[in-house]
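Remarks on the structure that follows.
Computed from the coordinates by the stated procedures, all read-outs in this text should not be read as laboratory data. This is a predicted model, so every value here is computed, not measured. Glycine gets a Cβ as well: all are built from the backbone with ideal geometry, and neighbour counts include every protein chain shown.
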Amino acid sequence: MYYCDDLEIKAIERVLKTKKLFRYQGKDVETECSQFEKSFARYLNSKHSILLSSGTNALVNALFSLGITEGDEVLIPAYTFFATAAAVLELKATPVVVNIDKYLSFDSQDLQHKVSDKTKALIAVHMDGYACNMNSLTDFCQTHNIALIEDCAQAVGGQYQNKKLGSFGAFGCFSFNVDKIISCGEGGALSVNDEELYQKAFLYHDTCNQFGVTHKDLYSIAKFSGKSMRASEIQGAMMNVQLDRLDTIIADLKIRKEFLDHRFSELGFEHIPAYDKNGECFTTTRLLCKDAALVNAMVISLNNLGIKTNSPMLRPAHHIWQWHSLLPKTQHKFDFLPTIDILSRILLVHVSLDETIEEWLEKIKRIHA
C-alpha cells in the first residue's frame, strides 16, 4: 500500500459511527460501495463496475458470467500470479498456459499454437504495471471469436494508447489486496460494459440480492443461484479515498521510476521493452541480466541498500513452474523452458513511496553493478 493516513481512518470511522456496515441500505440509497462502483466506472470510462471481496473472485465472476464451464479452455500467460489459473480451475475449465516473449507477455507464436476449437476466452494479464499489446490481443480474440478478459490486478490506473486498462475486454478484473497500487487490505472489482453481463455478474457476486428490495428492478435476465462475493461498507469507504489518491500515486511513482531507470541505463542494464511506456503504472523497473547469477547478486545488493528487489523466480506463485502440478497433465513442465529461461534473467526493482524524494535519490545514487 502506497499511501494511507488520516483520510482513510476518518472514512472508516464515519461508517462505524453509522453502525451501517452492510452495502445495501434500501432502494435508491447511495452507499459507500455503490458510490465507489460509480466513481470507478467513470474513471475507467466503463458503464459499470462491481466492488468485490477479492481480485480472484473478480476473475471467477467474469469467467462464470461469460459461460465458461467444464470442457472449455482459457488461454493464460506462463508469467502470472496463480489466481489467474485458479479462477479457471474453479469453474472446472482448463487453463491453457502460453509461453512469454521479451515483453513478458504472451508469445504470439505459442499463442497461435495453443488456441483450439475448445478455447472460449483469453486472460490478458498486465503484469508488474505494464500493459499487454491490447491491439494485437483484441484482434486475436475477434479473429478466433473468443472472449477477452483483462487481469489488471497489478495495473490499476494503467493505460494502453490513452485508454484505461480494464476497459478493452468483456471484463476488467482488479485486485485491491494489501500490496496493490490502491488497497483496502483485501478486495477487488469488475468493470463491464455489456448490460446482460453486468446483471449476471452482479447476481453471481451476491445471489441473495435478487430477493431483496434494493435491486429487485435490476434484473431482466433469468435468475440463478450464485455466490457471496460482497464487499462491506468499510471496504467501500476506504476504496473511495484510495481511488481519489490513484492518479497522484501514479504520478509520484513515475517521477521516482524515471530516476531509477536513468541510473540503471547509466550502469549499462537492458530494460525490458514496454508496449506503452507512457501508460505503465511505474511500480516496477524490469531489467534483463546476462544470467541468473547477476540477478541473485543484484537482489542481495539492492535489498541491502533498502531498495526492494526480487526475481520473478522467487516471487511466490508467480510463474508456471510453481503451480504446474495443479494443471492438467497434458501440459508438460518442460514445455515452458523458454519462459523460465527469460524469467531467470529478470531483475524486478520496485519503486517506493515510503521515503522522501531526497532519500530515494540518495539510495539510487548508491546503486552499483
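Return the Rg/Rh value of segment 233-298, two decimal places, where both radii are evaluated on C-alpha atoms and Rh is the Kirkwood radius. All intermediate terms of the calculation are to be shown ahead of the outcome.
Details: Rg = 16.1 Å, Rh = 14.2 Å.
Radius of gyration over Kirkwood radius for segment 233-298 works out to 1.14.
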DSSP-defined beta bridges in the chain - what % are antiparallel, rounded to 5: 60
Under the 7 Å Cα-to-Cβ spin-label approximation, HIS332 and LYS102 lie apart by a distance in nanometres of 2.8
Simple spin-label estimate for ASP341/ARG366, 7 Å along Cα→Cβ, in nm, reads 3.8
Please work out how many pairs of lysine residues in segment 217-369 are eight or more positions apart (or on different chains) and have Cα atoms closer than 16 angstrom. 7
So if R0 is 51 Å, what FRET efficiency would SER228 and LEU267 give, r being the distance between their Cβ atoms, rounded to the nearest 0.05? 0.50
Taking the Cα atoms of segment 242-369 alone, what are Rg (to one decimal) and Dmax (as a whole number) in Å? 16.4, 53
Under 20 Å from the 7 Å Cα→Cβ point of THR207, by amide nitrogen: which residues of segment 76-91? 87-91
In nm, what is the difference between 0.36 nm times the number of residues separating ASN278 and LYS216 and their Cα-Cα distance? 18.0 nm
So if I take the centroid of the Cα atoms in segment 225-240 and the same for segment 60-102, what is the distance between those two points in Å? 24
Overall dimensions of the chain as given by Cα atoms, namely Rg and Dmax in Å: 20.8, 63
Burial order of peptide ranges 258-268, 204-214 (average beta-carbon count within 10 Å, highest first): 204-214, 258-268
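By how many nm would the segment from ASN303 to LYS27 lengthen if fully extended, with 0.36 nm per residue of separation less the alpha-carbon distance?
Values: separation 276, 0.36 × 276 = 99.36 nm, distance 5.20 nm.
Extra length from ASN303 to LYS27 when fully extended: 94.2 nm.
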Check cross-link reach from LYS118 to the lysines: straight Cα distance under 16 Å, and skip same-chain residues fewer than eight apart. LYS92
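Between GLN109 and SER325, what's the calculated FRET efficiency when r is the beta-carbon distance and R0 is 22 Å? Round to 0.05.
Details: r = 26 Å, r/R0 = 1.19.
That gives a FRET efficiency of 0.25.
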GNM of the chain, Cα pairs under 10 angstrom: of ILE68, ILE221, ILE146, the biggest fluctuation goes to ILE221
